[in-house]
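For reference, the structure is listed below as C-alpha cells.
Quick note: the coordinates plus some simple rules give every number you see, no bench work behind them. Computed from a predicted model, the values in this text were never measured in an experiment. Here the Cβ positions follow ideal geometry from the backbone for every residue, glycine too, while neighbour counts run over all protein chains shown.
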Amino acid sequence: MRKRNWRLIAVGGVLLIIALLFFLAMRDMTPWSNDAVALMRTVGEVSGTVGGISIIMIVFGLIGRKEPA
C-alpha cells in the first residue's frame, strides 16, 4: 500500500492557485501595456509552466510513496 504525500499535494495546490491568480491579475493590466499581445503571451507561458509543474506535483503526491515494511 502506498502512503500519500500530503505536503506535495498542498504545495502543488498552492502553486496552482498562485498561477491562476497571477494570470488573472496580469490580464487586468493589459489596457495599460504598450504591447498587450506580447505581455499576455509571456504571462500565459509563465502561468502555464507553473500550473503544469503544480499538476505534476499533485499527481506525484497522490501516487505517494511506499510505506516502510
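Among the residues of the stretch 50-69, write down those that are of a type in the set (Gly, Ala, Ser) and over 17 Å from Lys3 (Cα atoms).
Residues satisfying the conditions are Gly51, Gly52, Ser54.
For a quick check of your reading of the model, give me the residue pairs whose first member lies in the stretch 3-15 and is touching a residue at least 24 places away in the same chain (Cβ under 8 Å), whose second is surrounded by fewer than 12 Cβ atoms within 10 Å (Cβ to Cβ) and of a type outside the set (A, V, I, L, M, F, W, C), with beta-carbon atoms closer than 8 Å and at least 6 apart or on different chains.
Hits for this filter: Lys3/Lys66; Lys3/Glu67.
Could you list, in sequence order, all residues of the stretch 22-69 that are in a helix (DSSP H, G or I) and hydroxyl-bearing (Ser, Thr, Tyr)?
Within the stretch 22-69, Thr30, Thr42, Ser47, Thr49, Ser54 qualify.
This table checks each residue for (1) within 17 Å of the chain's Cα centre (by Cα); (2) surrounded by 15 or more Cβ atoms within 10 Å (Cβ to Cβ).
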site	(1), (2)
Ile17	yes, no
Phe23	yes, yes
Ser33	no, no
Ala38	no, no
Thr42	yes, no
Gly64	no, yes
Glu67	no, no
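I need a count of the residues in the stretch 1-21 that are assigned to a helix (DSSP H, G or I), hydrophobic (A, V, I, L, M, F, W, C) and within 30 Å of Pro68 (Cα to Cα).
Matching residues across the stretch 1-21 total 7.
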